[in-house]
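Below you'll find the structure, written out as structure tokens, and then a few comments.
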Amino acid sequence: MWFKRNFEYEVEDVFSLINGGVVVVGHVRSGTMHTGDRAVLLKGNGIRLALKTRIGQMETRGAGQIVPLKKVFKGEPAGVLLEGLKKEQVDIGDRIVSSNK
């Protein structure tokens, strides 16, 4: 059965990886985000950029340990690897929203 998955994730901090990748920390504002979902970057000023990404590895902290996640629900915090983006392209206050294209 096919169904549409929609989510909106708010970026609260941005980190670069040694290999040039980017990890964001924030929380899901609506919907459920899954590893592998396609997404686009929505700037804090509301401009939707043609910057596409895919949700990579996700994790959270629990009981003093890092816990890997396959999905994150509304209201939950998570660190997320954004595939194909660089730190310079993402700012605090930006949103990552689902894209079905």
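The values are calculated or read from the model by the stated rules, or taken from the named source; none is laboratory data. All figures in this text were calculated on a predicted structure; none of them were measured in a lab. Here Cβ is always computed from backbone atoms with ideal geometry, including for glycine, and neighbour counts include all displayed protein chains.
In the range 22-46, what count of residues is obtained for those that are of a type in the set (Lys, Arg) and within 19 Å of Gly93 (Cβ to Cβ)? The qualifying residues number 2. Identification of strands (runs of 3 or more DSSP E) wholly contained in the chain with 2 or more residues that are buried (at least 16 other Cβ atoms within 10 Å of the Cβ), modelled with pLDDT of 90 or more and among the aromatic types (Phe, Trp, Tyr) yields 7-16.
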